[in-house]
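Everything below concerns the one structure shown next.
The values are calculated or read from the model by the stated rules, or taken from the named source; none is laboratory data. Keep in mind that this is a model prediction, so the values were computed, not measured. Counting neighbours? That spans all protein chains shown, and the Cβs are built from the backbone with ideal geometry, glycine included. For accessibility, only protein heavy atoms count, side chains too; no ligands or nucleic acids. Shrake-Rupley method; radii C 1.70, N 1.55, O 1.52, S 1.80 Å.
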Amino acid sequence: ETGVTQSPTHLIKTRGQQVTLRCSSQSGHNTVSWYQQALGQGPQFIFQYYREEENGRGNFPPRFSGLQFPNYSSELNVNALELDDSALYLCASSWDRGFVDTQYFGPGTRLTVL
Amino acid sequence: AQSVTQLDSQVPVFEEAPVELRCNYSSSVSVYLFWYVQYPNQGLQLLLKYLSGSTLVKGINGFEAEFNKSQTSFHLRKPSVHISDTAEYFCAVSDSRAGNMLTFGGGTRLMVKP
């Protein structure tokens, strides 16, 4: 059984560009959550997808958007990149969306915006 | 709204000494509490969680935590640390409305010295 995987590992973009990050959830998991972890800080919740629908959203602007596919893999898209978007982006998958459902995190994608 | 405060950004400790990492939370409803560990260049791994029942929770790698509702705390402890415990530790909170969408604290860097 493979764990949560993310691609790419590292990415460098310039201000104003758009970026797509990808996440493959653990087998059988129907829920994917995305978090942003700025350097030296704790992860901040961006949004969660449950069975291809957005289930919840944190305090992030609309230029942060996502998708979940029928195989429950997911994408995070960020438009009009800003310098403050530089961070480690973590994806986590779980069997379901309840509080009892443990989230399993991927290794993250390190995004640098110049 | 929920929030989590980790009172110490860094905790240096000698190998084989005991350690306590402090976590306080605020929430208007019943909470569920988690501790995650992040090793360098890796994603987050669940150490332990409190959902209900006994307030003393045992986790992996010899860690335990105690839920104290009156003090709104969930401190993490280990009686004897190893060099390999050097990592970043994050406390997180959720509730029945949020499901498993987590609010994280800022993290505590545990530095175990020989």
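Quick look at the values:
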| read-out | value |
| --- | --- |
| Unmet requirement for residue A:70, which otherwise passes all of (1) more than 13 Å from chain B (Cβ to nearest Cβ); (2) without any contact (Cβ under 8 Å) to a residue 12 or more places away in the chain | (2) |
| Which listed residue, of B:6, B:2, B:38, B:42, is within 14 Å of chain A (Cβ to nearest Cβ), in contact with a Leu (Cβ under 6 Å, 6 or more places away or on another chain) and surrounded by 12 or more Cβ atoms within 10 Å (Cβ to Cβ) | B:38 |
| Residue count for the stretch B:85-106, restricted to those that are of a type in the set (Gly, Ala, Ser), open to solvent by 10 Å² or more (accessible area, probe 1.4 Å) and within 13 Å of the chain's Cα centre (by Cα) | 1 |
| Test: residue in the stretch A:31-47 that is open to solvent by 10 Å² or more (accessible area, probe 1.4 Å) and touching a residue at least 60 places away in the same chain (Cβ under 8 Å) | yes |
| Considering residues of the stretch A:2-22 that are within 11 Å of another protein chain (Cβ to nearest Cβ) and surrounded by 14 or more Cβ atoms within 10 Å (Cβ to Cβ) only, the residue farthest from residue A:84 (Cα to Cα) | A:3 |
| Within the stretch A:64-85, considering residues that are hydrophobic (A, V, I, L, M, F, W, C) and over 15 Å from the mean Cα position of the chain (by Cα), the one least open to solvent (accessible area, probe 1.4 Å) | A:81 |
| Residue among A:102, A:109 that is open to solvent by 10 Å² or more (accessible area, probe 1.4 Å), among the β-branched types (Val, Ile, Thr) and either more than 9 Å from every other protein chain (Cβ to nearest Cβ) or free of Cβ contacts under 8 Å to residues at least 40 places away in the same chain (or both) | A:102 |
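Okay, residues lined up against (1) polar (S, T, N, Q); (2) assigned to a strand (DSSP E or B):
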site	(1), (2)
A:28	no, no
A:36	yes, yes
A:45	no, yes
A:48	yes, yes
A:62	no, no
A:70	no, no
A:91	no, yes
A:112	yes, yes
